[in-house]
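K.L.:
Just passing along the structure, written as structure tokens.
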Amino acid sequence: MNTSDINELVELHGKAVYGFCHKLAKNINDTDDLYQETFLKAMELRYKFNKSINPRGFLISIAVGLWKNKCRKNNRRQIIAPTVEFCEDADYSSNLHIASPEDVVISNEINTKVQMAVETLSDKFKIPLYMYYTAEMSIADIASALKIPQGTVKSRLHKARETLKDILSLEVS
């Protein structure tokens with residue numbers, strides 16, 4: 001893989017990888033860092049890369065690995081020297097096709113509730129959910145990227161959906 005190959009990957013899969021990174025990182029600065037680190041790591045792992053075998057899955061699996069490593073590192077640091085976060089992340093959801101202000105408010109409220117519900121899930125369920133819905137990856141691609149069986153991916157997606165349905169139905173009641 002050379003520079004033109006990386007440019008081609010960015011052109012073809014950059015948007016999907018960036019969207020996935022944003023779902024994991026939650027803020028613009030961390031998203032940008034994770035996105036750049038993903039393509040840098042792809043350059044390092046170019047000897048493992050095969051264009052014919054799901055390049056988006058390859059990039060997403062790199063992003064997941066980098067994000068998990070960062071979380072582990074931050075968790076160890078929090079144990080040693082806890083810090084407090086001073087700012088809240090902005091909501092970057094778009095409402096391009098909504099007709100009225102009431103619809104915008106309702107849509108934002110629903111999006112916020114769903115995002116909060118997803119955040120309560122463990123990474124074991126959240127990551128496959130993001131990969132399936134945000135990165136639009138198939139079950140087989142997710143299984144390959146996470147190095148788990150397809151049946152496990154299906155059961156995790158099912159469990160995540162059921163848990164979200166339970167959480168959201170409790171909020172309505």
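K.L.:
For Phe125, Phe49, which order do you get if you count the other beta carbons within 10 Å of each Cβ and list the fewest first?
P.N.:
Taking fewest neighbouring Cβ atoms as first place, the list is Phe49, Phe125.
K.L.:
Could you please rank Lys124, Lys147, Lys73, placing first whichever residue has the fewest other Cβ atoms within 10 Å of its Cβ?
P.N.:
The most exposed by this proxy come first: Lys147, Lys73, Lys124.
K.L.:
Lysines within cross-link reach of Lys15: Cα-Cα under 23 Å, excluding same-chain residues under 8 positions apart?
P.N.:
Lys23, Lys26, Lys41, Lys48, Lys51, Lys68, Lys70, Lys126
K.L.:
Among Ile79, Ile53, Ile127, which one moves the most in a GNM of the chain with springs linking Cα atoms closer than 10 Å?
P.N.:
Ile79
K.L.:
Give me the one-decimal nm value for the distance between modelled label points at Arg72 and Ser52, 7 Å along each residue's Cα-to-Cβ direction.
P.N.:
3.3
K.L.:
Which angle between 0 and 90 degrees, to the nearest 10, do you get for helix 150-172 versus the longest principal axis of the chain when only C-alpha atoms count?
P.N.:
Roughly 20 degrees between the two axes.
K.L.:
Computed from these coordinates, which is Rg/Rh (Cα atoms, Kirkwood Rh): [x] 1.05; [y] 0.94; [z] 0.99?
P.N.:
Of the labelled values, this structure produces [z].
K.L.:
Averaging over every viewing direction, what projected area does the convex hull of the Cα atoms of the stretch 1-87 cover, in nm²? Mind dumping the intermediate values first?
P.N.:
Details: hull surface 24.9 nm².
One quarter of the hull surface, i.e. the mean projection, equals 6.2 nm².
K.L.:
Suppose each label sits 7 Å from its Cα in the direction of the beta carbon; what would the Glu136-Asn29 distance come out to in nanometres?
P.N.:
Rounded to a tenth, the inter-label distance reads 3.2 nm.
K.L.:
Given the options Ile53, Ile6, Asn69, identify the residue whose Cα lies farthest towards the positive end of the charge dipole of the stretch 1-87 (+1 on Cβ of Lys, Arg; -1 on Cβ of Asp, Glu).
P.N.:
Going by the Cα projections, it comes out as Asn69.
K.L.:
Taking 25 Å as R0, compute the FRET efficiency from the Cβ-Cβ separation of Asn108 and Ala16 and round it to 0.05.
P.N.:
0.55
Where a number appears in this text, it was derived from the coordinates with a stated rule and is not lab data. Owing to the predicted nature of the structure, the values given are computational and were not obtained by experimental measurement. Please note: Cβ atoms are built from the backbone with ideal geometry, for glycine as well, and neighbour counts cover all protein chains shown.
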